[in-house]
2 protein chains.
Amino acid sequence: MNTINTASSVISSDKVQGTKVYNPNGDKLGSVESLLLDKLSGKVRYAVMEFGGFLGMGTDVYPLPWETLKYDTGLGGYVVSLTKEQLEGAPRYARETTQDYNDEYGRKVNEYYGVPWI
Amino acid sequence: MNTINTASSVISSDKVQGTKVYNPNGDKLGSVESLLLDKLSGKVRYAVMEFGGFLGMGTDVYPLPWETLKYDTGLGGYVVSLTKEQLEGAPRYARETTQDYNDEYGRKVNEYYGVPWI
């Protein structure tokens, strides 16, 4: 799959969803399940990641601040600077549940990854 | 389907995709097929709309600047201020093709809907 159309300044949400995520060593961590958009500004706030199989984490999903993801053309996927230990303690919830992304939760997620809460 | 979680400041791309779109008279025009994100800023630039059945427009899709969509809690969908005539002349392309969203194309779309090109 050609995940990124480099001739274009935009990318389809369809193509981001399902894109693989790696750590800086090139190990596959999982893939992007969905994106969470700020209702007012229309900006992507979080990529919701599923870490299929990795660390035996089951069906939990992990919201990652969008700013933590960098696209790597060589790998054809996103790279996040996360260690196994960071992932194990990261905010998560069961995929089937509806997580309330109120300010308190958003702040908690951003603080965990060291991304300023604006 | 509960399309919008009003308790939250964010909304999932999964829930935006498939949400119905109406005109100000409450007539259903179609639905959101996908979102186009600015690669650099992470902001939603366009909602790609499919106008299933309406006007016999087949499988063409229509990029609408995100700013033209307003969510209507009563209708449970987005409202766009578009007349039939505006739609008929609007930028579109066949769903199966890959549209190159270069600056020229983006400018053309925004100008059509009177949205400033930044």
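The values are calculated or read from the model by the stated rules, or taken from the named source; none is laboratory data. Keep in mind it's a predicted model, so treat the numbers as computed, not measured. Methodologically, a virtual Cβ is constructed for each residue, glycine included, from the backbone with ideal geometry; neighbour enumeration extends over all protein chains shown. Just so you know, the surface numbers come from the protein's heavy atoms only, side chains and all, with ligands and any DNA or RNA stripped out. Shrake-Rupley method; radii C 1.70, N 1.55, O 1.52, S 1.80 Å.
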Just one of A:K43, A:K20 is open to solvent by 60 Å² or more (accessible area, probe 1.4 Å), within 12 Å of chain B (Cβ to nearest Cβ), modelled with pLDDT of 85 or more and closer than 26 Å to B:Q99 by Cβ; which is it? A:K43
Select from the stretch B:65-85 the residues that are hydroxyl-bearing (S, T, Y) and either surrounded by 13 or more Cβ atoms within 10 Å (Cβ to Cβ) or closer than 19 Å to A:S13 by Cβ (or both) and list them in ascending order. B:T68, B:Y71, B:Y78
Going residue by residue through the stretch B:100-108, is there one that turns out to be under 13 Å from the mean Cα position of the chain (by Cα) and at pLDDT 90 or above? no
Specify the residue that is farthest from A:M49 (Cα to Cα); the eligible residues are those in the stretch A:19-30 that are part of a strand (DSSP E or B) and touching a Gly at 6+ places or on another chain (Cβ under 6 Å). A:Y22
Hits in the stretch A:86-118 - residues which are open to solvent by 30 Å² or more (accessible area, probe 1.4 Å), assigned to a helix (DSSP H, G or I) and over 16 Å from B:V10 (Cα atoms): A:Q86, A:E88, A:E111, A:Y112, A:Y113
